[in-house]
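The values are calculated or read from the model by the stated rules, or taken from the named source; none is laboratory data. If you're wondering where the values come from, they're calculated on a predicted model, not measured in any experiment. Here the Cβ is made from the backbone with ideal geometry for all residues, glycine too, and neighbour counts use every protein chain on show.
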Amino acid sequence: MSGSIAIIGAGSWGTALAIVLAPRFEQIRLWAHEADLVERMSASRENDVFLPGFQLPANVHPTADLKAALVNAGTVVGVMPSRFARPLYRAMLPHLEPDMQFVSATKGLEHATLLRMSEVARAAMGAKFAPRIAVLSGPTFAREVARGEPTAVVISSEDRDLAASVQQDFSGPTLRLYTNDDPTGVEIGAALKNTIAIGAGICQGLGLGNNSIAALITRGLAEITRLAVAMGGRPRTLSGLAGLGDLVLTCTGELSRNRMVGIELAKGRKLEEIVGSMSMIAEGVETTPAAVELARKFDVDLPITQQMDSILTGARAPRDAIRELMERTLKNE
């Protein structure tokens, strides 16, 4: 059993990680921004907003105090929404030490800079020290992880010793970690699968069949791989858990928030209304325009992503966007 770990972000995924990692650590501090949520979690031992129905183990300690969360932590796991990553890492900085291990478990891109989440963390901490960062990703629905259902994920870092260390610390009877040294490929796969999942939801909402969704997933993987490789990632990474595995889950699973956004868009609901009715963030909504900008920067063709962006901005109706994808110039696969 390892020492103390800080999980920064008590959404569904952060809470599920706290539950599944509890047997592996002596103490887990789970930080949430909402003080009232922390108070309720401490009293009821349940995250009634983001992961209701699951009890927090006795060694999981909710807190709204960053300093208290981080003191003596050997490992810091960032599970905050992508839009809050930079300000949170900056706020943590006075309480961080160079010998800490950092694990980024946020799936998304920073809209303003187009940086991956590990790059955001490294930039925010770089003024004080060069952090050792690994990326955690793969096909994971929080509720299934919290229930103890067998789950396999990837822990990726160019620092192979760090990846191996986190693999050893985190792996248990229901959570299996595979190491990988291609964080670029892992993070691009993790971010863009949410965009493709919006498209899968649109297909579902329009009443299209399994043929359409299978085609979307396959061609979506092709364009994610094109961008990842252009940015220095490896094709093999995208055929693994952080690419194909996560993409299939998010495009087909009933618990996928991004897929749900697509279903509701196909019904004619406005994006603002859909997002406003959700208690949790669908990262694909913010990732999509950033992905379009990355495609321009690296001169990569992302037709599905571009059509999803046009739908999200209201420039094109869902059915028109699907038709336009089908009527593109014919080519080799």
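Here is a yes/no grid of residues against (1) outside the structural domain of E264 (by TED's automatic domain parsing); (2) of a type outside the set (A, V, I, L, M):
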residue	(1), (2)
M117	yes, no
M125	yes, no
L136	yes, no
P139	yes, yes
V145	yes, no
G205	no, yes
A215	no, no
G220	no, yes
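For region 142-183, the set of residues classified as β-branched (V, I, T), surrounded by 21 or more Cβ atoms within 10 Å (Cβ to Cβ) and either in contact with a Pro (Cβ under 9 Å, 6 or more places away or on another chain) or not in a strand (DSSP E or B) (or both) consists of V145, V153, V166, listed by residue number.
Looking at A64, A85, A58, just one residue is within 18 Å of the chain's Cα centre (by Cα) and free of Cβ contacts under 8 Å to residues at least 60 places away in the same chain, and that residue is A85.
The listed residues are I304, I322, and the only one of them that is assigned to a helix (DSSP H, G or I), at pLDDT below 95, outside the structural domain of P52 (by TED's automatic domain parsing) and surrounded by 11 or more Cβ atoms within 10 Å (Cβ to Cβ) turns out to be I322. Put simply, of I217, I198 the only residue that is touching a Cys at 6+ places or on another chain (Cβ under 8 Å) and over 27 Å from M92 (Cα atoms) is I217. Selection within region 87-133: residues that are under 19 Å from W13 (Cα atoms) and of a type in the set (K, R). The member of this set that is surrounded by the fewest Cβ atoms within 10 Å (Cβ to Cβ) is R116.
Only one entry of L241, L249 meets the criterion of being more than 12 Å from N194 (Cα to Cα) and in contact (Cβ under 8 Å) with a residue 60 or more places away in the chain, and that entry is L241. Of the residues D181, D159, the single one that is out of contact with any Ser or Thr (no Cβ under 8 Å at 6 or more places or on another chain) and of a type in the set (D, E) is D159.
Out of E272, E286, report the one residue that is outside the structural domain of L51 (by TED's automatic domain parsing), touching a residue at least 60 places away in the same chain (Cβ under 8 Å) and among the acidic types (D, E).
Answer to the check: E286.
Note on region 279-300: among residues that are assigned to a loop (DSSP other than H, G, I, E, B) and touching a helix residue (DSSP H, G or I) at 6+ places or on another chain (Cβ under 7 Å), the one that is modelled with the highest pLDDT is V300.
Okay, residues lined up against (1) closer than 28 Å to A152 by Cβ; (2) polar (S, T, N, Q):
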{"position": "L247", "(1), (2)": "yes, no"}
{"position": "E273", "(1), (2)": "no, no"}
{"position": "A282", "(1), (2)": "yes, no"}
{"position": "R296", "(1), (2)": "no, no"}
{"position": "A317", "(1), (2)": "no, no"}
{"position": "A321", "(1), (2)": "no, no"}
{"position": "T329", "(1), (2)": "no, yes"}
